[in-house]
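Asker: Dropping a structure here in structure tokens format, bear with me for questions.
The values are calculated or read from the model by the stated rules, or taken from the named source; none is laboratory data. Source: prediction; values computed, not measured. Neighbour counts run over all protein chains shown; Cβ positions are idealised from the backbone, glycine included.
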Amino acid sequence: MRRVIVAVSIAAFTALLAYATTVAGALGYLGLETRALARMFLALAYNPNLRELTAMSPAAVAAIVWDFRGVDTLYETVVFYMAIISALAIYRGVHKVGGGGSVGLSLIVRVVTKLLIPMNIAIAVSIAVHGHLTPGGGFQAGATLAVVSVLLAVVYSVNSFSRVGVEVSKAVALQSTGLIAIAAVVFTPLIYGVLTGAQAYLMQNYVKVDSGFHFPAEVLGQLISGTLIWLNIAEFLAVSFGFFTVFMLLSLREEVVKQPLLGEGHGS
């Protein structure tokens with residue numbers, strides 16, 4: 001009963017806080033005001049009438065993350081990639097994910113998991129490609145897809161990675177593909193500026209006051225918000241397969257990793 005009361009209390013507090021911060025005029029009753037910076041972000045996230053300042057993204061968080069403070073997000077992605085490199089350096093002597101007998105869980109759990117994995121993949125892709133329109137984005141989508149690696153390891157055993165063709169080298173290659181795609185989007189404006197002599201900026205999404213360069217905001221009548229959809233998809237690849245790499249390495253049995261981690265100077 002105590003746990004139920006705590007859970008209901010947290011849910012009620014969260015609902016009231018969300019209501020107070022989102023319903024028009026609610027903040028005024030609490031004696032609070034929205035900061036001018038927040039109002040500016042909300043006004044410029046999607047504003048077709050002010051195209052030299054807007055990110056053309058109905059999802060304000062996506063506009064902030066990949067446009068207004070995009071360089072910060074770029075560095076955060078680099079830090080994440082360096083963390084993956086560090087993990088690979090520690091496990092550099094391990095050449096194969098797997099080892100040992102196949103255990104896994106019951107047949108019922110395996111069947112249910114077979115139904116859940118395609119749904120998980122579909123939801124993750126949807127979060128990535130709609131991140132510029134609705135709450136979500138590349139990191140959230142990547143974390144969602146990475147759950148598949150945990151399901152494979154727990155439900156089917158670590159040997160399932162090799163059976164379905166998932167390997168650390170492939171995961172690293174796909175993660176690197178995502179990072180290369182991010183770099184391509186980031187440097188495209190500068191390359192355009194060098195080739196044409198026009199003014200353009202690093203990681204520029206849409207037209208600016210002194211720069212006419214822009215990625216298309218729409219394709220075939222569909223809003224893609226310039227660079228935002230491409231950056232979300234690229235981040236989706238980088239994050240999901242970065243997590244895949246770490247989860248696969250952490251799922252290895254002790255006897256598989258003990259000797260490589262100790263080094264050649266130690267006995268088994």
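Asker: Which count do you get for residues in the stretch 138-193 that are over 23 Å from the mean Cα position of the chain (by Cα) and among the polar types (S, T, N, Q)?
Answerer: 4
Asker: Also: Check whether at least one residue in the stretch 233-254 is at pLDDT 80 or above, part of a helix (DSSP H, G or I) and acidic (Asp, Glu), and report yes or no. Quick ask: steps written out before the conclusion?
Answerer: Start the filter on the stretch 233-254 by keeping residues that are at pLDDT 80 or above, which leaves 233-250.
Filter once more, so that each one left must be part of a helix (DSSP H, G or I): 233-250.
Now narrow it down to the ones that are acidic (Asp, Glu): 235.
The answer is yes, given that some residue of the stretch 233-254 is at pLDDT 80 or above, part of a helix (DSSP H, G or I) and acidic (Asp, Glu).
Asker: Right, next: Thr144 versus (1) out of contact with any Asp or Glu (no Cβ under 8 Å at 6 or more places or on another chain); (2) surrounded by fewer than 18 Cβ atoms within 10 Å (Cβ to Cβ); (3) not small (Gly, Ala, Ser): which is the lone unmet condition?
Answerer: (2)
Asker: With surrounded by 15 or more Cβ atoms within 10 Å (Cβ to Cβ), assigned to a helix (DSSP H, G or I) and at pLDDT below 90 as the only criterion, which of Leu174, Leu152 stands out?
Answerer: Just one listed residue meets the conditions, Leu152.
Asker: While we're on this one: Return the residues of the stretch 202-232 that are part of a strand (DSSP E or B) and not β-branched (Val, Ile, Thr); say none if nothing qualifies.
Answerer: So in the stretch 202-232, the residues part of a strand (DSSP E or B) come out as 208, 211, 218-219, 222-223.
Lys208, Ser211, Glu218, Gln222, Leu223, listed by residue number.
Asker: Output the residue which, of all residues in the stretch 38-72 that are assigned to a helix (DSSP H, G or I), without any contact (Cβ under 8 Å) to a residue 24 or more places away in the chain and of a type outside the set (A, V, I, L, M, F, W, C), is surrounded by the fewest Cβ atoms within 10 Å (Cβ to Cβ).
Answerer: Looking at the filtered set, the residue picked out is Asn49.
Asker: Looking at the stretch 195-215, I want the residues that are free of Cβ contacts under 8 Å to residues at least 40 places away in the same chain and have a partner that is of a type in the set (Lys, Arg) with Cβ atoms under 9 Å, at least 6 apart or on another chain. Which pairs are those?
Answerer: Gln199/Lys208; Ala200/Lys208; Tyr201/Lys208; His214/Arg51; His214/Lys208
Asker: Further question on the same structure: Please state which one of Leu44, Leu37, Leu88, Leu74 is at pLDDT 80 or above, of a type outside the set (Lys, Arg) and in contact with a Leu (Cβ under 7 Å, 6 or more places away or on another chain). Before the answer, list the steps.
Answerer: On the way: Leu37 fails: in contact with a Leu (Cβ under 7 Å, 6 or more places away or on another chain); Leu88 fails: in contact with a Leu (Cβ under 7 Å, 6 or more places away or on another chain); Leu74 fails: in contact with a Leu (Cβ under 7 Å, 6 or more places away or on another chain).
Only one candidate qualifies: Leu44.
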